[in-house]
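Visitor: One structure follows; several queries about it will come next.
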Amino acid sequence: MRCNAFILGKHRKQSFHDSHFIAHRKLELIHLDLCSPMLVPSTNGNRYMMTFIDDYTRMCWVYLLKNKSYAFQIFKNFHT
């Protein structure tokens, strides 16, 4: 008898659907990622990293955060 975790581990994830939307101007489509806590904090004590990437220009903004709870405020500031 196999446990449920073993059986679920053997399942394949469904792949994401291909996006057919392509940005035609700056800041039309932004990709956002919030990275997990880093094992070793930066010299200022930051453990998280939040990135914004513009789909059209491929310009990247990186924000370092001490706590994950700051992510929404960073997003709001970026959006304005």
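FYI, it's all coordinate maths here, none of it is from the lab. Please read all numbers here as calculations on a predicted model, not as lab measurements. Every residue, glycine as well, gets a Cβ built from its backbone with ideal geometry; the counts of neighbours run over all protein chains shown.
Visitor: Suppose every K and R has +1 on its Cβ and every D and E has -1 on its Cβ; what is the size of the dipole of the chain about the Cα centre, in Debye to the nearest 20?
Guide: Once rounded to the nearest 20, the dipole reads 360 debye.
Visitor: On to the next question. Tell me which residues come under 5 Å, amide H to amide H, from residue 65 once H is placed; ignore anything under 5 positions away on its chain.
Guide: Amide H to amide H, under 5 Å and 5 or more residues apart or across chains, residue 65 pairs with 47, 48, 49, 50.
Visitor: Direction-averaged shadow area of the convex hull around the Cα atoms of region 25-72, nm²?
Guide: 3.6 nm²
Visitor: Looking at the chain, I'd like the Rg to Rh ratio, where Rg is from alpha-carbon atoms and Rh is Kirkwood's inverse mean 1/r.
Guide: Rounded to two decimals, Rg over Rh is 1.14.
Visitor: Moving to a separate point now. Length gain on complete extension for the stretch residue 30 to residue 60, per 0.36 nm per residue less the alpha carbon to alpha carbon distance?
Guide: Using 0.36 nm per residue and subtracting the Cα-Cα distance, I get 9.8 nm.
Visitor: I would also like to ask the following. Beta carbons within 10 angstrom, averaged per residue: use that to sort the peptides 19-32, 45-58, highest first.
Guide: Result, highest mean Cβ count within 10 Å first: 45-58, 19-32.
Visitor: Can you give me the distance in nm between label points at residue 67 and residue 40, each placed 7 Å from the Cα along the Cα-to-Cβ direction?
Guide: Simple spin-label model gives 2.6 nm for this pair.
Visitor: Continuing with this model, one more query. Between residue 49 and residue 16, what FRET efficiency comes out of the Förster formula 1/(1 + (r/R0)^6) with R0 = 30 Å and r the beta carbon distance, rounded to 0.05?
Guide: 0.85
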